[in-house]
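Right, one structure below, let's go through it.
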Amino acid sequence: MEYITPLWPAYPELFLLVMACVILVADLFISDDNRVFTYGLTQFTLAGCAVLTFFTGNAEPVYTFSGMFVDDLMADALKLLTCLAVITILVYSRAYTVARGMFRGEFFTLALFATLGMMVMISANHLLTLYLGLELLSLSLYAMVALQRDSVQATEAAMKYFVLGALASGMLLYGMSMLYGATGTLEITALAQLSGEGVRAQAVLVFGLVFIVAGLGFKLGAVPFHMWVPDVYQGAPTAVTLFIGSAPKFAAFAIVMRLLAQAMGADALVEEWRQMLLIMAVLSLAIGNLAAIMQTNLKRMLAYSTISHMGFLLLGVLSGTIDGYGAGMFYVVVYVLMTLGAFGIILLLSRDGFEAENLDDYKGLNQRSPWYAFLMLLLMFSMAGIPPTVGFYAKLSVLQAVVQIGWWWVAVIAVVFSLIGAFYYLRIVKLMYFDAPLDPAPVTASGDVRALLTVNGLAMLLLGIVPQPLMVLCIEAVRASI
Amino acid sequence: MFWFFATILVFAALRVITARNPVHAALFLVLAFCTSAGIWIQLEAEFLGIALILVYVGAVMVLFLFVVMMLDINLTRLREGFWSYLPVGAVVAVLLILEMMVYLIQPYFGLVEAPRPDAAVAGYSNTKELGRLIYTDYVYPFELAAVILLVAIVAAIALTLRHRKHGKYIDPAAQINVRREDRVRIVSMPSVKKETPKDGDPS
């Protein structure tokens, strides 16, 4: 038996793990005044991880750790983006966490472990590692939500998140055990092969599939498994909301691809899960967009907007074609960019003891700071899907994929609900440009935040004008991996 | 024999969530662990069965019982709203169970599909085999599980450790390193003559 496995495909994960442990210990010797050292070390780790991911990348899938770990193009692309997203999150949330006493070593270690969990999920080729990665991510996130111990809201949000997350994990595990019962293997490539040939216990396989889809629905926050999303988004400290809302969606997309498109990718099975995803997607679009109209809290509104974005993502996946998966991946990248930018602005406007989370706080932002108002305008236009921005192209490519399989009526429903959704995005633009500010103080930000927000906002415009390179990358990544 | 254990297991698991007294619930959980250990031993996974009893029943549940006895849990408040949600919940649960049964009452979902494993050869060590697998094929998930435990420790400490501002804690090192200047202040004062009170003075 061959015991030696190549370690190099897992170098980014190993580096991250070692550095996370180093930071955990090193932080003990750093006084509160020098906490910025921990911050720098964390950013260095993430950047190093991104560089390692880039240099260990390869087009052909490489399997290691007895086939439990896969390093393919999709994994590389998503891991690289995850690292970059977490770096951005930490830059945006620095001032906020300092002002609220959350700028502590635990925040950074938990963020690093959560990133490790995401990377493990992205590279999982075995249901066991996939599940362990998911738990690693979720546990870190529960703790991060509750990190502000004295806030009743945050504690309640953490509790809800924890209970529903545990329920979702239970569902996912139950489904996985059914898949194991039906096929006798937990390896995703082996599952793909077996389910392609058709197993005798097809009924058990589909039964397990139902639970897996439900578990994934919980993790994505798609209707009817969405109840936790608004409460957690609103209750968690904004820096943590930014974390939950952005980078983990890459990992969630990856496990959807691995479990559904890859392991259950046989035509007969695609027919089965396509129906379930369709219901979830249409309901998410409807409830997400309609409920967002009624919100006066921006964080809660963005939570419902996330639900509707997840509906779009599912539309891309349910088409079951390479183009559709590519469109889904493109959508998730764009979604994360938009979320980063929007929450970045919220964090920017929040000060010590003040959360800029009500819509009224955005009144007259144009007079206070024309540049940030313009960036927010780009982000909102992109979320609504208005042409020169990339949000339009992301929605268009998903709709194209759905029309390709002949479900034009689904595309019509999606367009109608996006139109309804455009209302609440444009309402923010209206508040920013046509209302008088409640608080005329100009907005101040440190240089790195300003630069990164500018890049983030302008990326909406740039990617909207030249979306092709990213789109090609997404489609190639999916093609090489499935 | 399997059915015997399975019936007890399901009964015990049900009692865990329906028992009124949390101590009873914890004891039923012990019963559930013991019976599932019995099922494992029947499957010739002796090590897992014994580990379950040693670790869970022996260590975890004892701790659990301790905590339950220490905490004064208000049951009536927890049970509020139970009856108002019961009808809806029950209808949904019954519907779900019926749907699952309709779907699953089909061939190919019986014990025929999962036959008993062949009896192990003489000298076969379950423990050794498990150990070999954990450190070879399953080393990656094994390490991941370790990382998850580490995160659990970090999270637990981050969420519960509080430094008291006015605690009565004394730092021995600080006590030893104390200097005379910290404690004693020598004040130089000009000497004054004490005035002797005169007779009849009220002070």
### Summary
Only unsatisfied item for A:Ala441, checking (1) assigned to a helix (DSSP H, G or I); (2) hydrophobic (A, V, I, L, M, F, W, C); (3) farther than 30 Å from A:Val317 by Cβ, is (1)
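What helices (runs of 4 or more DSSP H) completely inside the range A:324-413 contain at least 3 residues that are at pLDDT 90 or above, of a type in the set (Gly, Ala, Ser) and closer than 24 Å to A:Gln468 by Cα?
Details: elements: A:365-368, A:370-384, A:390-404.
Qualifying helices (runs of 4 or more DSSP H): A:390-404.
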### Query
So how many residues does the range B:1-27 have that are part of a helix (DSSP H, G or I), under 12 Å from B:Val68 (Cβ atoms) and not aliphatic (A, V, I, L, M)?
2
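Condition first: away from chain B (no Cβ under 13 Å) and buried (at least 22 other Cβ atoms within 10 Å of the Cβ). Can you find one or more residues in the range A:141-153 that meet it? Talk me through it step by step, then tell me what you get.
Step one: list which residues in the range A:141-153 are away from chain B (no Cβ under 13 Å), which gives A:152-153.
Those left that are additionally buried (at least 22 other Cβ atoms within 10 Å of the Cβ): none.
No, because not a single residue in the range A:141-153 is away from chain B (no Cβ under 13 Å) and buried (at least 22 other Cβ atoms within 10 Å of the Cβ).
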### Query
In the range A:24-32, is there at least one residue being under 25 Å from the mean Cα position of the chain (by Cα), closer than 30 Å to A:Leu128 by Cα and without any contact (Cβ under 8 Å) to a residue 12 or more places away in the chain?
no
### Summary
Residue hits (the range B:112-138; within 14 Å of another protein chain (Cβ to nearest Cβ), touching a Leu at 6+ places or on another chain (Cβ under 9 Å) and either modelled with pLDDT of 90 or more or surrounded by 10 or more Cβ atoms within 10 Å (Cβ to Cβ) (or both)) are B:Tyr138
### Message
If A:Asp33 satisfies all but one of (1) at pLDDT below 90; (2) in a helix (DSSP H, G or I); (3) buried (at least 18 other Cβ atoms within 10 Å of the Cβ), what's the number of the condition it fails?
### Response
(3)
### Query
Is it the case that B:Ala90 is at pLDDT 80 or above and within 25 Å of the chain's Cα centre (by Cα)?
no
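To keep it simple, each residue is scored yes or no on (1) within 11 Å of chain B (Cβ to nearest Cβ); (2) among the acidic types (Asp, Glu); (3) closer than 27 Å to A:Leu141 by Cβ; (4) crowded, with 19+ Cβ neighbours inside 10 Å.
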residue: A:Ala168; (1), (2), (3), (4): no, no, yes, yes
residue: A:Ala182; (1), (2), (3), (4): yes, no, no, yes
residue: A:Thr185; (1), (2), (3), (4): no, no, no, no
residue: A:Ala190; (1), (2), (3), (4): no, no, no, no
### Query
Restricted to the range A:66-105, and to residues that are more than 25 Å from A:Asp33 (Cβ to Cβ) and polar (S, T, N, Q), which residue is farthest from the other protein chains (Cβ to nearest Cβ)?
A:Thr88
### Query
Any chance the range B:152-174 includes a residue that's at pLDDT 80 or above, within 14 Å of chain A (Cβ to nearest Cβ) and closer than 30 Å to A:Thr185 by Cβ?
yes
### Message
So if I check each of A:Val98, A:Val51, A:Val86, A:Val70, which one is out of contact with any Gly (no Cβ under 6 Å at 6 or more places or on another chain) and part of a strand (DSSP E or B)?
### Response
A:Val70
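Yes/no per residue for (1) surrounded by fewer than 16 Cβ atoms within 10 Å (Cβ to Cβ); (2) touching a residue at least 12 places away in the same chain (Cβ under 8 Å):
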site: A:Ile405; (1), (2): yes, yes
site: A:Ala411; (1), (2): no, yes
site: A:Val416; (1), (2): yes, no
site: A:Ala422; (1), (2): no, yes
site: A:Val429; (1), (2): no, yes
site: A:Leu453; (1), (2): no, yes
site: A:Val466; (1), (2): yes, no
### Query
For the range A:337-354, what are the residues that are closer than 16 Å to A:Gly245 by Cβ and surrounded by fewer than 23 Cβ atoms within 10 Å (Cβ to Cβ)?
A:Ser350
### Task
Among the residues of the range A:122-140, count how many are facing chain B (nearest Cβ under 9 Å), in contact with a Pro (Cβ under 8 Å, 6 or more places away or on another chain) and in a helix (DSSP H, G or I).
3
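Within the range A:193-211, restricting attention to residues that are small (Gly, Ala, Ser) and either buried (at least 19 other Cβ atoms within 10 Å of the Cβ) or part of a loop (DSSP other than H, G, I, E, B) (or both), which residue is farthest from the other protein chains (Cβ to nearest Cβ)?
Taking the range A:193-211 and keeping what is small (Gly, Ala, Ser), we get A:195-196, A:198, A:201, A:203, A:208.
Then drop every residue that is not either buried (at least 19 other Cβ atoms within 10 Å of the Cβ) or part of a loop (DSSP other than H, G, I, E, B) (or both), which leaves A:195, A:198, A:201, A:208.
On the way: A:Ser195: 15, A:Gly198: 12, A:Ala201: 5, A:Gly208: 11 Å.
Across the range A:193-211, the extreme among qualifying residues is A:Ser195.
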### Task
Sort out which residues of the range A:57-106 are farther than 30 Å from B:Leu133 by Cβ and of a type in the set (Gly, Ala, Ser), and write them in order of number.
A:Gly57, A:Ala59, A:Ala77, A:Ala85, A:Ser93, A:Ala95, A:Ala99, A:Gly101, A:Gly105
#### Entry: Only one of A:Tyr180, A:Tyr161 that is modelled with pLDDT under 90, aromatic (Phe, Trp, Tyr) and part of a helix (DSSP H, G or I)
A:Tyr180
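The values are calculated or read from the model by the stated rules, or taken from the named source; none is laboratory data. Source: prediction; values computed, not measured. Reconstructed Cβ throughout: ideal geometry from the backbone, glycine too, with neighbour counts over all protein chains shown.
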